[in-house]
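What follows is one structure encoded as structure tokens, with my remarks underneath.
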Amino acid sequence: MIESSQLTRKFSTKQGTVEAVRGVDFEVAEGETVGFLGANGAGKTTTLRMLTTLLGPSSGTATVAGHDLRDEPIEVRKRIGYVAQAGGTDPQTSVREELALQARLYRVPASEVPERVRRVSHQLDLYDLLDREAGALSGGQRRRLDIALGLIHRPPLVFLDEPTSGLDPQARSALWEHIRRLRDELGTTIFLTTHYLDEADALCDRLLIIDQGRIVTEGSPEELKNRVAGDLITIELQSGELVDRAKALLGSREDVRELATVGSTLRLTVERGEQAVLDMLRVLDGAELQPIAINLARPSLDQVFLAFTGRSLHDDPGATT
Ligand SMILES: Nc1ncnc2c1ncn2[C@@H]1O[C@H](COP(=O)(O)OP(=O)(O)OP(=O)(O)O)[C@@H](O)[C@H]1O
């Protein structure tokens, strides 16, 4: 659905040239939900604006929904929906009028417009709000309207720029449900930007992590977590002496990457923790070692982000996760 080839964008400013995007290569398959994860200023919006034909690349190109960005921008535009960070619409227009106007802009035949408005408003839970003025909507309702506007012409590919930015936790998880349904029920390919790690984890089949204009790694949330850290198993025993025995029994396993003892606790970093923890329990039981407590912790995407970019998203003043 998307094939980006060395897309680059520079901006000239009074202070000099800003290299916002420095040659990004990636692919997005049909039906995937792919997240572009990065801190403020990493280059997410600039890439999105290039892929949606709103901004010309300085170099490189991309094929989007089967058409080249540079050679056939109009064909690209017909096949995509773009939901920008802040929708700018007339606050006095009703939700119904907004949707109908957008449908007409996309040349949906007039006779089909009411049905389209009905469908999309059902999909995004806006049906009871159709006669409300856009200016009177809550933040979550407004974002749902923005997404409905991006879907009215039924594009196979939708770009969402920070879809839940500024929403409260309840409105965010409600919107996630709507985004999931787009993929599951309509097969829509979704490319979204976010700097919320929980959002990336909850919604995306695959993530591209962008830092300072470059993609530093990609993979499914699970793959990325496995690649970075492995799972952490902590086993607490009655005494340091018993810990030493447990260490001797478990330390030589092939799947143990790191091992440390802290007082009467043994800490092991392993691959596939769920399986390992069961095996280890069996081994300890066989040696008549009964742990007081066992804990298994999965690595977080935060650790992944830190490993690949050298900083935490929590340090980013614009991010709230
Ligand atoms: N029109 C412009 N003129 C000059 N510099 C720009 C322009 N647009 C973006 N930049 C710079 O390019 C870099 C990337 O910006 P971009 O908006 O793509 O980041 P982002 O990852 O989307 O950040 P955010 O999460 O804050 O939206 C930033 O350093 C930004 O200041």
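Quick notes on this structure:
- Antiparallel bridge percentage (DSSP; both residues within the chain; nearest 5): 70
- Measuring how big the range 138-228 is from its alpha-carbon positions, Rg and Dmax come out at 13.7, 41 Å.
- Cut-off 10 Å between beta-carbons: net charge of the residues surrounding residue 221, Lys and Arg +1, Asp and Glu -1: -2
- Residues 47, 265, 52, arranged from fewest to most other Cβ atoms within 10 angstrom of their Cβ, appear as 265, 52, 47.
- Applying 1/(1 + (r/R0)^6) with r as the Cβ-Cβ distance of residue 119 and residue 232 and R0 = 41 angstrom yields a FRET efficiency of 0.30.
- Simple Cβ-charge dipole of the chain, Lys/Arg +1 and Asp/Glu -1, about Cα centre, in debye nearest 20: 1000
- Within a Gaussian network of the chain (alpha carbon springs, distance under 10 Å), most fluctuating of 173, 300, 264: 264
- Cα-based shape type of the range 66-193, given that a ≥ b ≥ c are square roots of the gyration tensor eigenvalues and the cut on a/c is 1.5: oblate
- For residue 33, the residues whose amide H sits under 5 Å from its own are 190, 205, 206, ignoring neighbours fewer than 5 places away on the same chain, with H placed 1.01 Å from N.
- Our note on the geometry: Cα centres of the range 290-313 and the range 198-228, 15 Å apart.
- In the chain, helical runs assigned H by DSSP with n ≥ 4 each contribute -39500 (n - 2.57); averaged across all residues and rounded to the nearest 500, the mean residue ellipticity at 222 nm is -11000 deg cm²/dmol.
- Build a GNM of the chain with springs between Cα atoms under 10 Å apart, and of 304, 262, 228 the one that fluctuates most is 262.
- Built amide H within the under 5 Å cut-off of residue 219, gap 5+: 207
- Two-site label geometry, residue 40 and residue 223: point separation in nm, points 7 Å out along Cα→Cβ: 3.2
- Spatially near lysine pairs across the chain, Cα under 29 Å, sequence gap of 8 or more or different chains: 6
- Size check on the chain: the Cα extents along the three principal axes, sorted descending, read 79, 49, 34 Å.
- Inter-site label distance for residue 202 and residue 130 at 7 Å from Cα along Cβ, in nm: 2.9
- For residue 82, the residues 5 or more places off, or on other chains, whose built amide H falls under 5 Å of its own are 159.
- Under the simplified labelling scheme, the residue 274-residue 59 pair shows an inter-label distance of 4.7 nm, with each label point 7 Å from Cα along Cα→Cβ.
- Between 284, 145, 208, the Gaussian network model of the chain with springs among Cα atoms under 10 angstrom shows the greatest mean-square fluctuation at 284.
- When the charge dipole of the range 1-82 is built from unit charges on Cβ atoms (+1 for Lys and Arg, -1 for Asp and Glu) and taken about the Cα centre, the candidate among 52, 65, 18 whose Cα reaches farthest toward its positive end is 18.
Just so you know, all these numbers are worked out from the coordinates, no wet-lab data involved. Please read all numbers here as calculations on a predicted model, not as lab measurements. Positions of Cβ are generated from backbone atoms using ideal geometry, with glycine treated the same way; all protein chains shown enter the neighbour counts.
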